[in-house]
Every structure is written in structure tokens, then in C-alpha cells.
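Report on the following structure.
The values are calculated or read from the model by the stated rules, or taken from the named source; none is laboratory data. Everything quoted here is computed from the prediction, not taken from an experiment. When we count neighbours, we look across all protein chains shown, and the Cβ atoms used for this are built from the backbone with ideal geometry, even at glycine. The area values use the complete protein model at the heavy-atom level, side chains included, leaving out ligands, DNA and RNA. Shrake-Rupley method; radii C 1.70, N 1.55, O 1.52, S 1.80 Å.
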Amino acid sequence: MTISPAPDALPADALPAAEYERKLHARDKTIEVLKKRIQQQADGGATSSFALLEQNLSLGKVIALKTEEVEHERQELEKALTDLRQAQSQLLQAQKMESIGQLAAGIAHEINTPTQYVADNIGFVDMASSSLMTLLDKTLKVVEAARAGQPSDGLVAEVDAAVKKTKLDYLRRQIPEALAQSKEGLEHVARIVSAMKEFSHPSNGGKELLDIREVINTTVTVARSEWKYVAELETRYADDLPQVSCLRDMIGQVILNLVVNAAHAVADTLQSGVREKGKIRIMVKRAGEQHIAISVADDGSGIPEAIRGRIFDPFFTTKPVGKGTGQGLAIAYSTVVDKHGGEIRCDSEVGRGTCFTIRLPLSADNGEVPCR
């Protein structure tokens with residue numbers, strides 16, 4: 001019996017062909033989708049590149065603008081720095097002139113006192129010279145008469161009377177002493193004038209190797225009228241002190257400010273009448289291989305702990321109006337720390353006194369030294 005196939009059934013060898021056709025159609029569809037996606041990515045990439053280019057151009061403009069602004073700010077900062085340096089120099093000179101102005105009366109007295117006794121001594125020597133000339137004239141007459149072989153008892157009597165009147169022995173003792181005092185007075189005046197000239201003369205704009213002892217001695221001489229009536233001032237210098245690279249006028253101003261402050265601190269303790277004078281001591285010694293230490297100590301009233309942290313602030317002062325500007329210690333701090341790369345420290349105890357210690361590098365290229 002023969003069985004015929006169903007009308008919808010496919011031969012066995014026809015199934016793989018249909019499957020292949022379906023797979024090929026699916027492949028073509030996938031390829032088409034991938035082609036579109038690639039095209040979209042390509043189109044999108046072109047758009048991103050263009051956008052990136054525009055962004056780069058815009059960023060370049062911003063950078064150029066900011067660079068111009070930065071350069072302008074740099075120039076402004078350089079100008080401001082130059083102005084600041086000039087202002088600092090002018091402030092220092094103004095502080096120096098202010099100090100000299102405040103010391104002027106005392107300095108005038110320091111000069112006037114030796115000048116006065118020089119003038120008195122010259123007046124004495126002038127009077128003595130007149131008496132001696134009179135005695136010399138009478139003596140010469142006796143000598144002339146003796147040469148002529150006609151000695152006169154009257155002339156000899158006149159000489160004897162002139163010797164008694166002249167007080168020759170007294171003049172022999174007093175004239176050399178008067179001349180020595182006059183010489184000392186003139187030397188004192190010369191020291192004051194020289195110190196004033198050296199102190200007020202500005203530095204040449206750069207650091208120079210100096211003997212710090214000379215700077216201190218000059219400053220102490222200038223400030224003598226401030227401390228001589230209230231304190232005994234002592235200086236102690238180590239034997240092995242080398243020269244220091246510094247700005248002469250600035251360091252001199254620092255020492256002056258510290259000495260004047262010490263004198264005022266001591267004077268405040270004398271108002272009660274407990275003692276006649278206090279003490280100020282200036283010491284200089286080496287501090288390691290590359291530094292020196294300068295200390296200015298007094299036995300004055302001391303600085304209260306509540307304000308010690310502010311003493312180096314500009315315009316801070318505990319002195320009455322017209323007595324202090326509050327710039328002395330601020331300038332001292334700026335000079336020591338900023339200009340010389342050193343350090344300044346204050347140790348104080350109320351009722352016992354105050355000691356300011358300055359550490360300065362010996363050479364100009366040393367940096368700031370940390371506290372020990």
C-alpha cells in the first residue's frame with residue numbers, strides 16, 4: 001500500500017534551505033542596523049569633533065584673556081612691591097628723623113654742657129694769659145736793664161708784686177687742667193656730632209660687613225640723654241665677635257628703639273622714689289657658627305603677659321599720646337626678621353625687667369633662624 005505525503009508538508013531536504021534563507025535575512029537586517037549605527041556614530045563623531053574644536057577655541061580665548069589679566073596683575077604687584085619698599089624706606093627714615101627730633105633736646109644739652117665748660121675754661125685761660133703777659137713784660141724790663149748793666153731795685157720789686165698778684169703757682173696748676181677739660185669737652189662734642197652724622201646717614205641700599213660694636217656704641221652715644229639720668233648703661237662684647245652683614249642704619253634704629261624703651265621702662269620705676277637709677281645692659285656674643293646674639297636688658301617695670309603678644313604689632317603702644325607712636329618695635333621686628341632673616345624675642349617679668357634678644361646671621365645669604 002502506498003501512502004501519499006500531506007499537502008502542507010515539505011520534503012526533508014527543503015527544511016535547511018528555508019532555515020538558511022531566514023538566517024540570511026536576519027543577517028542582512030543585522031548588517032543594516034549596524035551600518036546605520038556606524039553612520040550615526042560617524043555623524044555624531046564629526047559633531048563632537050566640531051564641538052570640541054569650538055570648545056578648544058573658546059578655551060584658548062579664555063586662557064589668553066586670563067594670561068593677560070595675570071600679567072597685568074603681576075605688573076601691578078611689582079609696582080605695589082616697589083612702592084612698598086619705598087614706603088618702608090621712607091617710614092624708616094621718618095622714624096629715624098622722629099627719633100632724632102625726640103632726642104634733639106637731650107642731644108643739645110649733651111653738646112651744650114661740654115661747650116659751656118669749654119667756654120668757661122677759655123675765659124679763664126684768657127684771663128690767665130693777660131696776667132702772664134703783664135708779668136712777662138715786667139720780667140723782660142728787668143732782663144733788659146740787667147743787659148744794660150743798670151739793674152734797678154724798683155723793677156725787681158715790680159716783678160715780685162706782679163708774681164704775687166698773678167698767683168703764678170695757682171695758674172701753673174689750673175691752666176693745664178683747664179686745657180685738658182677743654183680738650184675732653186671738644187672730643188665729647190665731636191663724638192656726639194660724629195655719632196649723629198653716622199646714625200642719621202642712610203645706608204647705601206645694601207648690606208655691608210660691619211663691626212656691630214661700633215654700631216651699638218654710636219647708638220648709645222646718640223641716646224645718652226635718654227638713659228644717663230635714669231640708668232647706668234653697661235656694654236659687654238665677646239672677644240670673638242666677627243663682622244656682621246647688615247644694613248647699618250636699620251640695625252642702629254633697632255638698637256636705639258630698644259635702648260629708649262629700656263630707659264623709659266626704668267624711668268617708670270623711679271617715680272616712686274625707691275631708687276635713684278636702674279640698670280641697662282647690652283650684651284653681644286656668638287650664637288653658634290653662623291649667628292650672633294644681641295641682648296638689651298633692663299630692670300624696669302616689665303611687660304604684662306596680657307599684652308606681650310601684641311608688642312610687635314604696628315601702632316600698638318602703652319605710652320601716653322605724644323610719647324610713643326607704636327612703630328618702634330614693629331620696625332624692629334620687620335628689620336630683624338624680614339630684612340635680615342633673623343629673629344627677635346622678648347622675655348619679660350613684671351616687676352623684674354625685660355630682655356630683648358636679637359639673633360642675626362653673619363652673612364647676607366643666611367635665612368631665618370628658628371627659636372631654640
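The listed peptides 279-292, 175-188, ordered by packing as a protection proxy, come out as 279-292, 175-188 (highest mean of other Cβ atoms within 10 Å first). Ligands, DNA and RNA left out, the 1.4 Å accessible surface of the stretch 206-361 is 48% carbon and sulfur atoms.
When the C-alpha to C-alpha distance is required to be over 30 Å, the pairs from LYS79/LYS197; LYS141/LYS167; LYS183/LYS285; LYS66/LYS339; LYS36/LYS61; LYS167/LYS228 that qualify are LYS79/LYS197; LYS183/LYS285; LYS66/LYS339; LYS36/LYS61; LYS167/LYS228.
For the set ASP338, ASP299, the ranking by accessible area, highest first and with no ligand, DNA or RNA atoms included, is ASP338, ASP299 under a 1.4 Å probe. Decide, for the stretch 206-361, between rounded, prolate and oblate: order the square roots of the alpha carbon gyration tensor eigenvalues as a ≥ b ≥ c, take rounded if a/c falls under 1.5, and otherwise choose prolate if a/b is larger than b/c, else oblate. Prolate, since a/c reaches 1.5 and a/b exceeds b/c.
A 1.4 Å probe run over the stretch 206-361, with the rest of the protein chains in place, finds 46 Å² accessible per residue.
Based on C-alpha pairs under 8 angstrom that are at least 6 apart in sequence, the stretch 206-361 has a relative contact order of 23 percent.
Count Lys and Arg as plus one, Asp and Glu as minus one, and take only other residues whose Cβ is under 10 Å from that of GLU110; the net charge is then +3.
Looking at the stretch 206-361, the DSSP beta bridges with both ends there are about 80 percent antiparallel.
Electrostatic bookkeeping for VAL215 treats Lys and Arg as +1 and Asp and Glu as -1; over the other residues with beta carbon under 12 Å from its beta carbon, the sum is -3. 3J(HN,Hα) along the stretch 287-303, derived from phi through the Karplus expression 6.51 cos²θ - 1.76 cosθ + 1.60 where θ = phi - 60°, amounts to 10, x, 7, 10, 9, 10, 10, 10, 10, 10, 10, 9, 10, x, 7, x, 10 Hz, with x in place of Gly and Pro.
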